[in-house]
Amino acid sequence: MSTRSPSSRACWCSGSSPTTSDGPVLIAAIAAQATAMLVFSTAGGVGELLLARIVQGLSTGAALGAVGAAMMDINRARGTVANAFAPGLGTATGSLVSGFVVQYLPAPTHTVYLGLLAVFVAQAIAVTSIDETVTRAPGALASLVPEIKLPSTVRGAVLAVAPVMFAVWALAGFYGSLGPALVRTLVGSTSAVYGGLGLFVLAIVAAGSLLALRNTRVTTVMYTGIAALIAGVALTLVAVDLGEPVLFLLGTALAGLGFGSGFQGGIRTVLPLAKPHERSGVLSLLFVGSYLGMGVPSVVAGWLVVHGGGLIPTSEEYGAVVIALALVALAALLVRGTGYRAPTVTVASGVATTEVRAAETERAERVL
């Protein structure tokens, strides 16, 4: 019952540049989200649910690119941090709140979507009062054609961080697909609140780690993320084998550090290199890779639970795959480390500028 779509939310947001202002894109995306909520709340079958999910995914993708680009236009340094912080906070809030709605409120399959509908209406009103960050120009409709680009200025950075971002979002897919059943099995309860607890812990720690490590060197953040990801997943697998819910949540928190560090490291490495008119498209590309990592393994895991060895064996196999992906990401960073330096964003006189230096000092590698 989350408003997050695994793989489709980043499908076409790169079209909102540079001839299209962010406001109309956001208004259209919010209107589509509101429509999807209405379909969800009145759906009478699987077909309607899938239709609503498709509309929701496309509109979320449009909103992400436009919002992300707008935040970067307003303040590049803070916008970079916000782009990495928001997904974790939204995931944590959605997973826990939806659990309480299902458990304690009447008609939860209607209530949660009607509540979100009210939120989207309020957002639409707020967006109309925001000043545009891009000047409108002819050709706005043509610019809304789905388009994802990989500018040469960010190509090396994207190749360096793509394995890490795929791995951490595969971890999010693990907790989104198998996590609720695992937690309820370990705790011995059917409560929907317990079902959302694992993803909440993962996402809230991820969001907190971003704030804690936002002034740490990007390369250090990336390596911290990979190490925490491997250790956290390994600990959760041990907890599943022993049937220890507390140990499972501790491992989840450690994995959350890996999730947050890996994701923010990727965002901080790539986005500062993009030009203003490229940011929305680059952000789209990053989310496409991330949500493929979240969506594809989750679908495979669901099939294996039903047609394979069941919940516990599938969870162990999924965890092993995530660890393997993290090791691939580590190898990719080590291979590229000799020839690639992460960008830095420094702030001078209130204006954020990007500097890429062949030999960076400790202070120059910090991101504000």
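The values are calculated or read from the model by the stated rules, or taken from the named source; none is laboratory data. Since this is a predicted model, take the numbers as computed values, not measurements. Positions of Cβ are backbone-derived with ideal geometry, glycine not excepted, and every protein chain shown enters the neighbour counts. To get the accessible areas, we keep the full protein, side chains included, count just its heavy atoms, and leave off ligands, DNA and RNA. Shrake-Rupley method; radii C 1.70, N 1.55, O 1.52, S 1.80 Å.
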Condition check for Leu96: part of a helix (DSSP H, G or I), open to solvent by 40 Å² or more (accessible area, probe 1.4 Å) and modelled with pLDDT of 80 or more: yes
Single match in Val288, Val300, Val270 (criterion: of a type in the set (A, V, I, L, M) and either more than 20 Å from Ala86 (Cα to Cα) or modelled with pLDDT under 80 (or both)): Val300
Before we move on, is Val282 open to solvent by less than 50 Å² (accessible area, probe 1.4 Å), at pLDDT 85 or above and more than 26 Å from Ala181 (Cα to Cα)? no
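Yes/no per residue for (1) open to solvent by 30 Å² or more (accessible area, probe 1.4 Å); (2) at pLDDT below 80; (3) over 26 Å from Glu278 (Cβ atoms):
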{"position": "Gly61", "(1), (2), (3)": "no, yes, no"}
{"position": "Ala66", "(1), (2), (3)": "no, yes, no"}
{"position": "Asn75", "(1), (2), (3)": "yes, yes, no"}
{"position": "Ala84", "(1), (2), (3)": "no, yes, no"}
{"position": "Phe100", "(1), (2), (3)": "yes, no, yes"}
{"position": "Val134", "(1), (2), (3)": "yes, yes, no"}
Do we find that Val25 is β-branched (Val, Ile, Thr), modelled with pLDDT of 80 or more and more than 23 Å from Tyr175 (Cβ to Cβ) in this structure? no
Unmet criterion (only one of (1) surrounded by fewer than 24 Cβ atoms within 10 Å (Cβ to Cβ); (2) under 18 Å from the mean Cα position of the chain (by Cα)) for Gly198: (1)
Keeping to segment 225-237, report how many residues are in contact with an Asp or Glu (Cβ under 8 Å, 6 or more places away or on another chain) and either open to solvent by 40 Å² or more (accessible area, probe 1.4 Å) or charged (D, E, K, R) (or both). 0
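Could you pull out the residue among Val240, Val246, Val300 that is under 27 Å from Ala181 (Cα atoms), out of contact with any strand residue (DSSP E or B) (no Cβ under 6 Å at 6 or more places or on another chain), touching a residue at least 24 places away in the same chain (Cβ under 8 Å) and open to solvent by 10 Å² or more (accessible area, probe 1.4 Å)? Full working, then the answer.
Details: Val246 fails: touching a residue at least 24 places away in the same chain (Cβ under 8 Å); Val300 fails: touching a residue at least 24 places away in the same chain (Cβ under 8 Å).
Being under 27 Å from Ala181 (Cα atoms), out of contact with any strand residue (DSSP E or B) (no Cβ under 6 Å at 6 or more places or on another chain), touching a residue at least 24 places away in the same chain (Cβ under 8 Å) and open to solvent by 10 Å² or more (accessible area, probe 1.4 Å) holds for just one of Val240, Val246, Val300, which is Val240.
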